[in-house]
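Working notes, beginning with the structure itself.
The values are calculated or read from the model by the stated rules, or taken from the named source; none is laboratory data. Note that the coordinates shown come from a computational prediction; the quantities given were computed from them, not determined experimentally. Cβ atoms come from the backbone with ideal geometry, glycine included; neighbour counts cover every protein chain shown. Areas reflect the complete protein model, heavy atoms only, side chains present, ligands, DNA and RNA absent. Shrake-Rupley method; radii C 1.70, N 1.55, O 1.52, S 1.80 Å.
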Amino acid sequence: MHNRIVLIGFMGTGKTIIGRQLARQLGWSFADTDWEVERSSGLTIPAIFHQYGEHYFRECERNVLAQLLPQSHQVLATGGGIVTDLESYRMLQESKESGVTIIWLTARPEVIYQRVACTPTRPLLQVPDPLAEIIRLMQARHQLYAALADYVVDTSEQSVNTVVQSIDRFWKSGEW
Ligand code: S3P
């Protein structure tokens, strides 16, 4: 029954890289809502934001989540803002009753800033003061992540491998 793991958390906390390695270790498949939004729309995320706006992006993300969430033996990495969409949030909340374990990856704002500062792929951080925006968005989303999470891992100082082993141990402990 418990054979799906969803990774939530802010941009730059390592959801994709950690999710991919975790899936490999468990012998499960890996999916990523950002990749699937790009694949199904044929557009990059910056292009979707630029041409159609955030609201439309959240709609695409919601449709992709509805398709991917039921897949068993899968690790699913989600976009950092998925929890801000009420319908996506509800889907995640309800999925916990049908066997989804939700892992929240966190990191300190300065670490996130260093990881994402040089990449033009995060439209929400293309602002004059990205660090202030990271702090603002993190505060606004904190409660949403916290309310969904079965387990939290801070990735600021830990290697990908250490984080993966920590999630693996938690999942195998059956304490979700
Ligand atoms: C977003 C996070 C991004 C991507 C989009 C919006 C957000 O995903 O979905 O740029 O609102 O935090 P990552 O968390 O994978 O960077």
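Side notes on the structure shown:
- Per-residue 3J(HN,Hα) values for segment 100-105, derived from phi via the Karplus relation 6.51 cos²θ - 1.76 cosθ + 1.60 with θ = phi - 60°, read 9, 9, 10, 10, 9, 9 Hz in sequence order (x marks Gly and Pro).
- Rounded FRET efficiency, nearest 0.05, which uses the C-beta distance separating ASP154 from THR121 and R0 of 22 Å: 0.40
- Value of [θ]222 nm, deg cm²/dmol, for the chain, DSSP H segments ≥ 4, -39500 (n - 2.57) each, nearest 500: -16500 deg cm²/dmol
- Accessible area per residue in Å² at 1.4 Å probe, computed on the chain: 49 Å²
- Packing around the peptides 160-172, 13-25, taken as the average count of other Cβ atoms within 10 Å per residue, puts them in this order, highest first: 13-25, 160-172.
- Once backbone amide H atoms are built at 1.01 Å from N, SER156 has ARG108 as its partners under 5 Å, excluding neighbours fewer than 5 places away on the same chain.
- Near THR44, no amide H atom lies under 5 Å from its own; only residues 5 or more places off or on other chains count, and H is placed 1.01 Å from N.
- Segment 38-176: relative contact order as a whole-number percent, Cα under 8 Å and 6+ apart: 25 percent
- Between ARG169 and GLU87, full extension at 0.36 nm per residue minus the direct alpha carbon distance yields a gain of 26.5 nm.
- Cα gyration tensor shape for segment 4-173, rounded if a/c is under 1.5, else prolate or oblate: oblate
- Set of segment 6-49 residues, backbone N closer than 20 Å to the point 7 Å along the Cα-Cβ line of HIS55: 45-49
- Cβ crowding within 10 Å averaged over residues, with 5-11, 114-120, 46-52 ranked highest first: 5-11, 46-52, 114-120
- The share of accessible area on the chain that comes from carbon and sulfur is 52 percent, using a 1.4 angstrom probe.
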